[in-house]
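**Student:** This structure is in structure tokens; I'll ask about it shortly.
The values are calculated or read from the model by the stated rules, or taken from the named source; none is laboratory data. Keep in mind that this is a model prediction, so the values were computed, not measured. Here the Cβ positions follow ideal geometry from the backbone for every residue, glycine too, while neighbour counts run over all protein chains shown.
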Amino acid sequence: MIRGIRGAITVDENDAYEIVIATGELLKELIVKNNIEAEDVAHVIITVTEDLDAAFPAKALREIEGWTYVPVMCMQEIPVPGSLEKCIRIMMTVQTEIEQNQIQHVYARNAVVLRPDLIK
């Protein structure tokens with residue numbers, strides 16, 4: 001079954017190092033919690049809010065051993081007034097046997113406000 005696995009994290013500053021480190025933390029937690037193998041990933045979409053432009057967060061995925069060939073694309077979120085600032089979101093499309101309600105989505109730091117119902 002193909003499933004979407006979501007996650008989001010915030011950073012304090014529009015800093016290249018901080019963006020890549022935070023994205024890496026989020027990716028690794030999604031991978032571990034859902035037992036994801038790179039070969040099972042169709043693609044990864046990473047979005048950032050308009051206040052983050054110091055780095056491509058996809059760089060974090062490229063630094064994970066074995067993930068070189070996973071297609072990844074970065075995009076900008078729609079700048080809705082009042083939305084969470086300095087936020088990085090991930091949508092990973094994965095082949096998995098995990099049931100929909102057993103997927104472990106990850107929301108970290110200030111991003112916990114986005115989907116408190118999904119935090120386990």
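**Student:** Would the range 68-76 turn up any residue that is exposed (fewer than 13 other Cβ atoms within 10 Å of the Cβ), among the aliphatic types (A, V, I, L, M) and over 17 Å from Glu25 (Cβ atoms)? Let's see the steps before the verdict.
**Tutor:** Our first condition is that a residue be exposed (fewer than 13 other Cβ atoms within 10 Å of the Cβ); within the range 68-76, this holds for 68-69, 71, 73, 75-76.
Right, trim to among the aliphatic types (A, V, I, L, M) and you get 73, 75.
Next, only the ones that are over 17 Å from Glu25 (Cβ atoms) stay: 73, 75.
Yes.
**Student:** Inside the range 4-25, can you point out the residues that are closer than 19 Å to Tyr69 by Cα and either assigned to a strand (DSSP E or B) or touching a residue at least 60 places away in the same chain (Cβ under 8 Å) (or both)? Working first, answer last.
**Tutor:** We begin by selecting, within the range 4-25, every residue closer than 19 Å to Tyr69 by Cα; these are 4-5, 20, 23-24.
Within the range 4-25, Gly4, Ile5, Thr23 meet the criteria.
Each row is one residue, and each column tells you yes or no for (1) closer than 25 Å to Asp53 by Cα; (2) in a strand (DSSP E or B); (3) in contact with a strand residue (DSSP E or B) (Cβ under 9 Å, 6 or more places away or on another chain).
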site	(1), (2), (3)
Val80	yes, no, no
Ile88	yes, yes, yes
Glu97	no, no, no
Val112	yes, no, yes
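To keep it simple, each residue is scored yes or no on (1) surrounded by fewer than 16 Cβ atoms within 10 Å (Cβ to Cβ); (2) closer than 19 Å to Gln104 by Cβ; (3) among the charged types (D, E, K, R).
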| residue | (1), (2), (3) |
| --- | --- |
| Tyr17 | yes, no, no |
| Thr23 | no, yes, no |
| Leu27 | no, yes, no |
| Ile31 | no, yes, no |
| Asn34 | no, yes, no |
| Ala42 | yes, yes, no |
| Thr49 | no, no, no |
| Asp53 | yes, no, yes |
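**Student:** Another one. Would you point out the residue of the range 105-120, among those that are surrounded by fewer than 16 Cβ atoms within 10 Å (Cβ to Cβ) and in contact with a helix residue (DSSP H, G or I) (Cβ under 9 Å, 6 or more places away or on another chain), that is modelled with the highest pLDDT?
**Tutor:** Ile119
**Student:** Still on this structure, I have one more. State all residues of the range 39-61 that are more than 17 Å from Gly4 (Cβ to Cβ) and either at pLDDT below 95 or part of a helix (DSSP H, G or I) (or both); if no residue qualifies, say none.
**Tutor:** Going residue by residue through the range 39-61, those that are more than 17 Å from Gly4 (Cβ to Cβ) are 39, 48-60.
Answer for the range 39-61, where residues must be more than 17 Å from Gly4 (Cβ to Cβ) and either at pLDDT below 95 or part of a helix (DSSP H, G or I) (or both): Glu39, Ala58, Lys59, Ala60.
**Student:** Ok, one more. Cβ-Cβ distance below 7 Å, separation of 6 or more or different chains: which pairs start in the range 62-79 with a residue that is on the phi < 0 side of the Ramachandran plot and basic (Lys, Arg) and end on one that is at pLDDT below 95 and not in a strand (DSSP E or B)?
**Tutor:** If the second residue must be at pLDDT below 95 and not in a strand (DSSP E or B), the pairs left are Arg62/Thr68.
**Student:** Kindly check whether there is at least one residue in the range 2-15 that is in contact with a Ser or Thr (Cβ under 8 Å, 6 or more places away or on another chain) and loosely packed, with under 15 Cβ neighbours inside 10 Å.
**Tutor:** Yes, the conditions are met somewhere in the range 2-15.
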